[in-house]
Amino acid sequence: MDRFRVVPAAYVVLRRGDEVLMMLRANTGYMDGYWAVPAGHVEAEESVLEAAVREVREEVGVEIAPEDLVPVTAMHRTGGNGDPIDERVDFFFTTSRWTGEPQLMEPGKAAGLEWFALDKLPDPTVPHEARVLAGIDSGLPAVIAEGFH
């Protein structure tokens, strides 16, 4: 019998004062038409910190030093459908330090890139990301479980 597996992902909330950088997802097959922060799967032989730095570089074209990533929370979530791709562990980081000017690097996967005030997030925002963003300044538990009974 195979062991239970989860898909790890890194999310990076780029902060500019009370604003966060978000992308409008498009043509990905997952949550297209929703706003999201830069994020992506951790690849084989890669740490979650390396994944966070790589994803931000690939998606918005800025460089972040790993030591400038501040852990926010980890979210263990399930789609509850038994599909392995819907068994996730998401690591959320924030940073207000980077080099370069954010720009849309993957126009085939995103239709927009904008700064939004935390108290005026766009609708719709990817639900599990909206949950983290809503509590990012007021404090979040170290670990969140989402989708379990």
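Assorted remarks:
- Enumeration of residues in segment 32-52 that are without any contact (Cβ under 8 Å) to a residue 12 or more places away in the chain, among the charged types (D, E, K, R) and more than 17 Å from Lys109 (Cβ to Cβ): Glu45, Glu46
- Test for Thr95: is it under 17 Å from Glu58 (Cα atoms), surrounded by 11 or more Cβ atoms within 10 Å (Cβ to Cβ) and hydroxyl-bearing (Ser, Thr, Tyr): yes
- Looking at Glu55, Glu63, Glu19, just one residue is touching a residue at least 24 places away in the same chain (Cβ under 8 Å), under 24 Å from Thr99 (Cβ atoms), of a type in the set (Asp, Glu) and surrounded by 21 or more Cβ atoms within 10 Å (Cβ to Cβ), and that residue is Glu55.
- Within segment 43-52, considering residues that are in a loop (DSSP other than H, G, I, E, B) and at negative phi, the one surrounded by the most Cβ atoms within 10 Å (Cβ to Cβ): Glu46
- Filtered by the rule that a residue be surrounded by 13 or more Cβ atoms within 10 Å (Cβ to Cβ) and at pLDDT 95 or above, segment 1-16 gives Pro8, Ala9, Ala10, Tyr11, Val12, Val13, Leu14, Arg15.
- Restricting segment 5-39 to residues that are among the aromatic types (Phe, Trp, Tyr) and in contact with a strand residue (DSSP E or B) (Cβ under 8 Å, 6 or more places away or on another chain), the residue that is nearest to Arg57 (Cα to Cα): Tyr11
- Meets criteria (among the charged types (D, E, K, R) and modelled with pLDDT under 95) for Asp32: no
- Meets criteria (surrounded by fewer than 15 Cβ atoms within 10 Å (Cβ to Cβ), of a type outside the set (Val, Ile, Thr) and within 16 Å of the chain's Cα centre (by Cα)) for Pro141: no
- Segment 63-115, residues that are among the β-branched types (Val, Ile, Thr) and farther than 20 Å from Glu129 by Cα: Ile64, Thr99
The values are calculated or read from the model by the stated rules, or taken from the named source; none is laboratory data. What you see is a predicted model, and the numbers here were worked out from it, not measured in a lab. A quick note on method: Cβ atoms are made from the backbone with ideal geometry, for glycine too, and the neighbour counts reach across all protein chains shown.
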